[in-house]
Each structure stands twice: as structure tokens, then as C-alpha cells.
Amino acid sequence: MKAFLAKIFAKYIVNKEQKWINNPLETQDKILNELIVDAKNTKFGVDHHFESIKNYEDFKLQVPINDYEGLKHYFDEVIEGKPDILWPGKPLYLAKTSGTTSGAKYIPLTKESVPSHINSARNALLFYINETKNSNFVDGKMIFLQGSPILEDKNGLKIGRLSGISAHFVPNYLQKNRLPSYETNVIEDWETKVDRVVDETVKADMTLISGIPPWLIMYFERLIKVSGKENVQSIFKNLQLMVTGGVNYEPYRDKVNQLIGRKIDCIQTYPASEGFIAYQDSQKSDDLLLLLNNGIFYEFVPVDEFFDENPTRISLKDVEIGKDYVLILNTNAGLWGYNIGDTVRFTSIKPYRIVVSGRIKHYTSAFGEHVIGHEVEQALQKTLEKYPASVNEFTVAPQVNPTEGLPYHEWLIEFDQKPEDITIFNQELDTQMRHQNTYYDDLITGNILRPLVVSEVKTEGFQHYMKSIGKLGGQNKVPRLSNNREIADEFYSLNLITTN
């Protein structure tokens, strides 16, 4: 019965969403106007003269691009429990994330922004159901692995990880199907948690599994080991769908399918504490539908201008397909000119679809090449298509001062299955990188760099590294790229590199 009703509801929601999909620019203009009107009497709105803003050009003059540090004095007042600082009233929650020079970040979630997080996760599934007509998975067991749902209380505000906060909004009709148990979800130690999840699910009829790709791989490997079965398919015969987020799924797809024992449908999503930004609305392509009616007004800065004194700053109507932009958010949670740190690339403008191309802080440009995440992922994927192998994880760092020869890019790769000829594999990977990035190609041609070097990481090396820095599991992931040797040197100091 649930599966039947899901199809009817899916059709209704998809038809409803088409209204803003078909009117993207008007929708974004409306969002910007609503945000300005709603926040004009807040402290931020008064400080930045919202009452004088009539259009986007006015907005750019009044509101600078910021990151968490730039808005921190406002966030501090929000955390103290003061009302009407960044958004009217007080937020319902503060989503705690790791990361800045000031330690943890606390991102407000308001009564206006919370529904967009919940509804977007739901709608990603409904678009899938409407397109594929497959809704049988709603009758089986589902894993939504989340952070601990136990929330702290500070100055009358509830604080927790976004995934832990989201756990309080799982609809009743899914509660019976949901695993792991509450008792397991509250476990903080990641390895203990995964072991408990395996214990609770190894004999269940799992039909949907949700998690970031590195976690899926870790979970599947332990599941196979505990069960003694050949692959996940022989454990979960009715597994139909995976939902991933946080990182590009493509580099992990072959490994995940290998562990499962067959290809499986996957919905990629782009959620963040700052807002639910995009999801994959069709199985016919891997790009993501940018969500334009979610209380977020988007801005974009070309990556190659971002560190300029006066970079170009544009709205949706001026974006170009194939160009990389730093993503800037203005939201109904009170984020203004906020640099989320991600770079995106448009693949379509009818409708507006994107891929996440990297992190503005995660790049390699020791020699002016500015290589970003999308480029290294594409180069590796195209190499694997020509010379099959299985890659668990990888990261790239510059080697500026080698003991001999020219500098180079070092790729730290953990293979599950090595290529037949590693030398040819390396050569092809370098060729693909030269196709992806013309500056890199110029550096190789000009004998400023020598071709890249692949260093093989020991089995489970990336897990050992993440554990060593206290970031194993959850939404934590190793950066694809670094502009220094900190991560690479740590791999060597931990003896995680195979010596040939």
C-alpha cells in the first residue's frame, strides 16, 4: 500500500516542482526580494541598509562576500541567544560543523529553513520514484546513518550535527522501516558504530542505504566479512537504491558496485548545513538539479577571479555552462554573501543543473596551475576506463622540492585492485590531467614539472589516516587536493605508503 501511495504522491510533487523549474530566473528574483524584506529589520539588515536595496545590483553594493569568520561577530550574538541578528527571531537549531581557525562553526537553522532540508531529501526520492516507477523500496528496511540525535542546549538553542537534527524529522511512515536503532545512532566512536550497524542489519531486508561513499565502502566490507558471503547482493537480495551526498560519487561507483555484486541505482545529493542545494533528479545523467525555490538566493564568482581584489559576482542569469564558480549563498537562515567553500560547474541551464567541481580551499596550484577536484576526478575516471583497476580513495599534493629531478604532482592512491601495468597507468593518468587542465599541460611541456607520480597507499591507509586525526566516519572526507605537503607527509610519517 505504501509503495502504491508513494507513486501518486511522487507524481503530485514532481508536477508541483515543475513550476519553479520552468521559471528559474523569476523564482530567484522572488527569493531575493523575500529575503531582503524579511530581514530588513534585523541587525544585519540595518547594518547593510536593506531598506535601500531595490535589486541585485543594489544588493551587491551593500552586502560583501563573507565566510564564517567574516560573519562571526553576528554568529556569536546568535549563539548568545539574542534575537533578530541575522534573521527575524531566534533560530530553532544550530548545526555544528568542524572547520575554521576559530574551531567549530555553528550554522543557524530557522523555522523557515528547516522544512527545505527535510522536503528536499524527500523530493529526491520522489523524483526517482516518478521517473523509474520503482517504489517497492519504501516497504523494506532503510539505513539513514546519521550523527547522534542527542542535542545540546545552549542559551535556549538546540545544538547538534545536521544529520542528528534531521533524525528528529524522519516521517512516521518511515520510522518502522528505519535502521539503525536509536541506541546505535547515538554511539560517537565511528568504528564501534559501524560494527553495531552491521550487527543490526546483516539479517535485515535492506532496500535503501544512505551514506557518503567512503562510509558505504567501509560498511559493505565489514558486512561481507561478518556474514561470510561473497558480496552485498547475497546478503540483501532486495537492495534497490542508494542515496549519497557530501562527495562526488563517480570515483567510488565501480568499487561500490563491485562490493554489491551488480550495478545499483544511486541518487546523488548536495546537502549542507547552510542549505540543501541540489539533488539528482534523473537517473539518465549524474548532474544535480539546482534547487531554486528553497529559500536560497545563489551568487557565483568565477574561480579564476576569486582571489582578485574585485572579482566578478553574478546571479543565475549570467552563468555559463562548463565554467567553474565559487558558490555564494544568501538564505532564510540568515546567511548573507556566504562563501560555502565549494566550487560548482553548470552542465545545463534548461533546467539549471550542476556538478560539484571541488573546494576553493582544496586545490593544487604550487606552480600556478590551479588544479581543482573535478579535474583530478575526471582524469582518474577516464584513465580507469582505459586501464581497469579499482581505487578505494586518493588525494593529490605537489612535490615542490624533490630529492632529484623536476617537481611533480604526487598522487597518493589506495588501490583495491591494481592496474596490470602501473607505468602505463601513470602515463595515461598524466595525459588525462593534461587534457583536463591547460596550465598543467603547459608546465609539463615547458619542463617546469615532470609527469605525475603515483604512490601506492597501503590497504585501509586512508582509514588509518582519518583515525589518526580524529575524523574517521560521519561526513568527514580526505581532501582530493592540497596545495602543500601536510597530508602527504603525514601518510609517510604513519608508514602508510607502499615502498616499491
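Selection of the stretch 378-395 for residues being within 19 Å of Val355 (Cβ to Cβ) and either of a type in the set (D, E, K, R) or open to solvent by 80 Å² or more (accessible area, probe 1.4 Å) (or both) yields Lys382, Glu385.
Taken over the stretch 48-60, the residue count meeting the criterion of being assigned to a helix (DSSP H, G or I) and open to solvent by 70 Å² or more (accessible area, probe 1.4 Å) is 2. In this structure, does Lys11 turn out to be assigned to a helix (DSSP H, G or I), without any contact (Cβ under 8 Å) to a residue 60 or more places away in the chain and either surrounded by fewer than 16 Cβ atoms within 10 Å (Cβ to Cβ) or among the small types (Gly, Ala, Ser) (or both)? Criteria not met by Lys11. Checking each residue in the stretch 243-266 for being under 15 Å from the mean Cα position of the chain (by Cα) and closer than 15 Å to Ser210 by Cβ picks out Val243, Thr244, Gly245, Gly246, Val247, Tyr249, Tyr252, Cys266. Taking Lys263 as the residue in question, decide whether it is free of Cβ contacts under 8 Å to residues at least 24 places away in the same chain, part of a loop (DSSP other than H, G, I, E, B) and closer than 22 Å to Phe137 by Cα. Here the answer is yes, as Lys263 does meet what is asked.
Counting only residues that are among the aromatic types (Phe, Trp, Tyr) and either surrounded by 19 or more Cβ atoms within 10 Å (Cβ to Cβ) or under 18 Å from the mean Cα position of the chain (by Cα) (or both), the stretch 307-335 holds 1 of them. Flag: Ile36 does not match the condition of being more than 26 Å from Lys105 (Cα to Cα), open to solvent by less than 60 Å² (accessible area, probe 1.4 Å), of a type in the set (A, V, I, L, M, F, W, C) and at pLDDT 95 or above. The set of residues from the stretch 418-459 being at pLDDT below 90, under 29 Å from the mean Cα position of the chain (by Cα) and open to solvent by 80 Å² or more (accessible area, probe 1.4 Å) comprises Thr438, Tyr439.
For the stretch 331-351, how many residues meet the condition of being over 30 Å from Leu94 (Cβ atoms) and assigned to a strand (DSSP E or B)?
As a first pass, look at the stretch 331-351 and keep what is over 30 Å from Leu94 (Cβ atoms): 345-351.
Of the ones still in play, those that are also assigned to a strand (DSSP E or B) are 345-349.
Within the stretch 331-351, residues that are over 30 Å from Leu94 (Cβ atoms) and assigned to a strand (DSSP E or B) number 5.
Entry remark, the stretch 421-452: residues being in contact with a helix residue (DSSP H, G or I) (Cβ under 7 Å, 6 or more places away or on another chain) and outside any helix (DSSP H, G or I) number 4 in total.
When the stretch 225-246 is examined, which residues are found to be surrounded by 20 or more Cβ atoms within 10 Å (Cβ to Cβ) and out of contact with any strand residue (DSSP E or B) (no Cβ under 6 Å at 6 or more places or on another chain)? The answer is Val232, Ile235, Gly246. Selection of the stretch 336-347 for residues being farther than 30 Å from Arg485 by Cβ and open to solvent by less than 20 Å² (accessible area, probe 1.4 Å) yields Trp336, Gly337, Tyr338, Phe346. Residues that are at pLDDT 95 or above and either open to solvent by 30 Å² or more (accessible area, probe 1.4 Å) or of a type in the set (Val, Ile, Thr) (or both) within the stretch 285-295 comprise just one, Asn293.
Give the number of residues within the stretch 362-371 that are under 23 Å from Gly461 (Cα atoms) and either part of a helix (DSSP H, G or I) or open to solvent by less than 40 Å² (accessible area, probe 1.4 Å) (or both). Number of matching residues: 1. As a summary of the residue check, Ser482 satisfies the conditions (1) surrounded by fewer than 17 Cβ atoms within 10 Å (Cβ to Cβ); (2) at pLDDT below 90 except for the one numbered (1). The strands (runs of 3 or more DSSP E) found entirely in the stretch 61-153 that carry 3 or more residues being closer than 30 Å to Thr184 by Cβ and open to solvent by less than 20 Å² (accessible area, probe 1.4 Å) are 103-109. Scan the stretch 432-477 for residues that are touching a strand residue (DSSP E or B) at 6+ places or on another chain (Cβ under 6 Å) and of a type in the set (Gly, Ala, Ser) and the total you get is 2.
Regarding Tyr298, is this residue among the hydroxyl-bearing types (Ser, Thr, Tyr), in a strand (DSSP E or B) and either more than 18 Å from the chain's Cα centre (by Cα) or at pLDDT below 95 (or both)? Here the answer is no, as Tyr298 does not meet what is asked. Check the stretch 245-258 and report whether any residue there is of a type in the set (Asp, Glu), without any contact (Cβ under 8 Å) to a residue 60 or more places away in the chain and under 27 Å from Glu385 (Cα atoms). No, the stretch 245-258 has no match at all. Identification of helices (runs of 4 or more DSSP H) wholly contained in the stretch 176-228 with 1 or more residues that are closer than 22 Å to Asn392 by Cα yields 190-201, 213-227.
The values are calculated or read from the model by the stated rules, or taken from the named source; none is laboratory data. Quick caveat, the model's predicted, so the values are computed rather than measured. Cβ atoms come from the backbone with ideal geometry, glycine included; neighbour counts cover every protein chain shown. These area figures cover heavy atoms from the full protein model, side chains too; ligands, DNA and RNA do not enter into them. Shrake-Rupley method; radii C 1.70, N 1.55, O 1.52, S 1.80 Å.
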